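Student: Sending over a structure as structure tokens; questions will come in a sec.
The values are calculated or read from the model by the stated rules, or taken from the named source; none is laboratory data. Remember, predicted model here, so these are calculated numbers, not experimental data. So basically every Cβ, Gly included, is an ideal-geometry build from the backbone, and we count neighbours across all protein chains shown.
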Amino acid sequence: MAEMTFWDHLEELRWVLFRVIGLWLVLAVGYFIAMPYIFDNVILGPTHNDFVFYNLLRHIGESLNLDDEFFTQHFEVKMININLAAPFFIHMSTAFWMSVVTAMPYLFFEIWRFISPALYPKERRGVLKALILGTVMFFIGVLLGYFMVYPLALRFLSTYNLSSQIENVLSLNSYIDNFMMLVLCMGLAFELPLVTWLLSLLGLVNKSFLRRYRRHAVVIIVIASAIITPTGDPFTLSVVAIPLYLLYEMSILMIKDKKKEEEDEFGDESEEEIKEETEQVNS
């Protein structure tokens, strides 16, 4: 295969951008058209009493004969719009962000296909692993945020009564802002193993450092979980804290010991020397 010139690479990059932007526009238009259905059945899903997570809690309560309100609560949210242009701009912005998020795997694929020819086999494996891990972990975090974390936070905050004279009515802007923030933040939080692995490659953290400060990390995780889901009950806190702690432990497992890395490098060098000696003998 002939070596590509600078202008050939630029032309290839141009077609990559065309394909990514084309897919993004198709998704954005599709989401814009389907937004009324998506809004009623997906985005506003946590406001309905028959949402899948609320049904799961009721099933757990019935199976274990638990009478606590946490498992038996009937939940509905009253929502109003107080801004004239809010529905239109929320319609557009939600379609935009949903298209961006769902187009990310294809964007990573195009990035991989563009840069992989210039990488060594070891670098190629590392970049591919990072792209796949980052994509999968992000969507796992988004799903956890949507199905568990946000419904719990919504149910607690929307039913919290400061006074009996105040009726809780949620505004559309407030709901969307908190929905987007919490769901996307959970997706980004699940990038912790990838970020830690990249920092280890730069020499900023290592396995012994993470092990030494494990107790401090647990305290920070609990505080962060309490801020994300300020419900006060242990179950809701554990829904966020346990996955974050497991991600921290996963980060430790992903990082190699410094001694092991040196042994691997020494082993690679030894293999190369053996190959060179064999080639010299054969010649």
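Student: Please go through region 118-128 and pick out each residue that is assigned to a helix (DSSP H, G or I) and surrounded by fewer than 11 Cβ atoms within 10 Å (Cβ to Cβ).
Tutor: First pass over region 118-128, keeping only residues assigned to a helix (DSSP H, G or I): 118, 121-128.
Residues satisfying the conditions are Ala118, Pro121, Lys122.
Student: Could I ask something else about it? For residues in region 210-232 being modelled with pLDDT under 85 and surrounded by 13 or more Cβ atoms within 10 Å (Cβ to Cβ), which is farthest from Arg155 (Cα to Cα)? Working first, answer last.
Tutor: First, the residues of region 210-232 that are modelled with pLDDT under 85: 224-232.
So of that shortlist, the ones also surrounded by 13 or more Cβ atoms within 10 Å (Cβ to Cβ) come out as 224-226, 228-231.
Values: Ala224: 19, Ser225: 16, Ala226: 15, Ile228: 13, Thr229: 10, Pro230: 11, Thr231: 9 Å.
In this case the residue turns out to be Ala224.
Student: Do we have any residue at all in region 129-142 that's over 30 Å from Phe53 (Cβ atoms), of a type in the set (A, V, I, L, M) and buried (at least 16 other Cβ atoms within 10 Å of the Cβ)?
Tutor: From region 129-142, those over 30 Å from Phe53 (Cβ atoms) are 129-131; that's our starting set.
Pick out the ones that are also of a type in the set (A, V, I, L, M) and you get 130-131.
Cutting the leftovers down to buried (at least 16 other Cβ atoms within 10 Å of the Cβ) gives us 130-131.
Yes: region 129-142 contains one or more residues that are over 30 Å from Phe53 (Cβ atoms), of a type in the set (A, V, I, L, M) and buried (at least 16 other Cβ atoms within 10 Å of the Cβ).
Student: Somewhere in region 95-117, is a residue in contact with a Pro (Cβ under 8 Å, 6 or more places away or on another chain), surrounded by 13 or more Cβ atoms within 10 Å (Cβ to Cβ) and part of a helix (DSSP H, G or I)?
Tutor: If we filter region 95-117 for residues that are in contact with a Pro (Cβ under 8 Å, 6 or more places away or on another chain), which is where we start, we get none.
Within region 95-117 (the criterion being in contact with a Pro (Cβ under 8 Å, 6 or more places away or on another chain), surrounded by 13 or more Cβ atoms within 10 Å (Cβ to Cβ) and part of a helix (DSSP H, G or I)), the answer is no, since none of the residues qualifies.
Residues checked against (1) more than 30 Å from Trp197 (Cα to Cα); (2) free of Cβ contacts under 8 Å to residues at least 40 places away in the same chain; (3) β-branched (Val, Ile, Thr):
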| position | (1), (2), (3) |
| --- | --- |
| Ser63 | yes, yes, no |
| Gln73 | yes, no, no |
| Glu76 | yes, yes, no |
| Met92 | yes, no, no |
| Tyr106 | no, no, no |
| Tyr150 | no, no, no |
| Asn161 | yes, yes, no |
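Student: Something else: All but one of (1) among the small types (Gly, Ala, Ser); (2) touching a helix residue (DSSP H, G or I) at 6+ places or on another chain (Cβ under 7 Å); (3) modelled with pLDDT of 90 or more hold for Gly61; which doesn't?
Tutor: In the conditions (1) among the small types (Gly, Ala, Ser); (2) touching a helix residue (DSSP H, G or I) at 6+ places or on another chain (Cβ under 7 Å); (3) modelled with pLDDT of 90 or more, Gly61 misses (3) alone.
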